[in-house]
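Take a look at the structure set out below.
Readers should treat all values here as calculations from the given coordinates under stated rules, not as data from a laboratory. Given the structure is predicted, the values throughout are model-derived calculations rather than measurements. All Cβ positions, glycine included, derive from the backbone under ideal geometry; neighbour counts span all protein chains shown.
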Amino acid sequence: MRSLGLLVACTAGVTVLVATPAAAQTTTPAPPPVLTAAPQPATAGGNITISWSGFVTCRLVTISFALDGTQIATATSSASGSVGATVPAATTAGSHKLTATSSNTKCGTAGTALRVVVPPPPTTTTTKPPVTVPPVTNPPVTRPPVTTTTTTTTTPTTTTTTTDTTSSTTSSSSQPSDPGTGVLILDKENIQPGEDLTATGTGCPKGAPVTLKSLGQDVGQTVADENGQFKSPVKFASIEPGRHKVRAECGIVLVGNVDVTLSSSSGGTTSTLVVLLFFLLVGAAMLRRQFSGLRG
């Protein structure tokens, strides 16, 4: 009976070891760098101001700013700041991707959308030539031979000039040039289940409600601002490892991809199995000795 009680106690100790989970260590990630540009929309060939924050200051490192992959400005590495740049004159109307990348990528990278409008061509003003009226001269009047009087009447020349001026009015519309050319940017390419993810987009109608969806479930909701831009956290109720699409619906559909991975930790499981095997071997040895004593 003593041997049976000892075996039960060993088994209970193993069960407690297996049931006790390893303490999870959690860390709060730093907020991602932020990149903005003004004015919105910008004009092709016009000037813009690019501002950034949340970068890591690194020595001997520069930050490069590119529009659709073409560099338009550089700046010395700093946590935050602003720099002026010119939108290439050949840029087409619509939404374009503006990025900021440190020469050392560990110091920070960020991206945003820049909407561009193309100004109308200049209007040529045409002036009509002046209209000249020739002078009118009356012929002389001949009277009888007794008295001859010659009267000459000259009508003054009148010159009339007519100018037809066509004025051109250039208006800059605040409406998006093409609502189908929006951009959806996810601040992370890879996440683990439960990790924070933020979606930033542009190209939506002004004030339109935005619904974020993935795997047929709603993962976020917000409202577009007066420039058609929005920003919202993405919350997955449940998600499996692999690549998943995030869709933003606001009258148009914007799509982004994110990869979900699982971190593996086998140290705790291996240690638990070793301890379990040890106690089972000890219990088996004690039972064998007990049974040998009873046979003797």
How much length, in nm to one decimal, is gained on full extension between Ala30 and Val255, taken as 0.36 nm per residue of separation minus their Cα-Cα distance?
78.5 nm
Please enumerate, by chain and number, the lysines with C-alpha under 25 Å from the C-alpha of Lys106, excluding those fewer than 8 residues away in the same chain.
Lys97, Lys188, Lys231
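For an R0 of 35 angstrom, estimate the FRET efficiency from the Cβ-Cβ distance between Val133 and Ala93 and round to the nearest 0.05. Walk me through the numbers on the way to the answer.
Values: r = 51 Å, r/R0 = 1.45.
For Val133 and Ala93, the calculated efficiency is 0.10.
Add +1 for every Lys or Arg and -1 for every Asp or Glu among the other residues with Cβ under 10 Å from the Cβ of Thr200, and state the total.
Values: positive: Lys231; negative: Asp187.
Net of charged neighbours comes to 0.
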Hey, which aspartates and glutamates would be in cross-link range of Lys128, C-alpha to C-alpha under 15 Å, not counting anything within fewer than 8 residues on its own chain?
Asp164
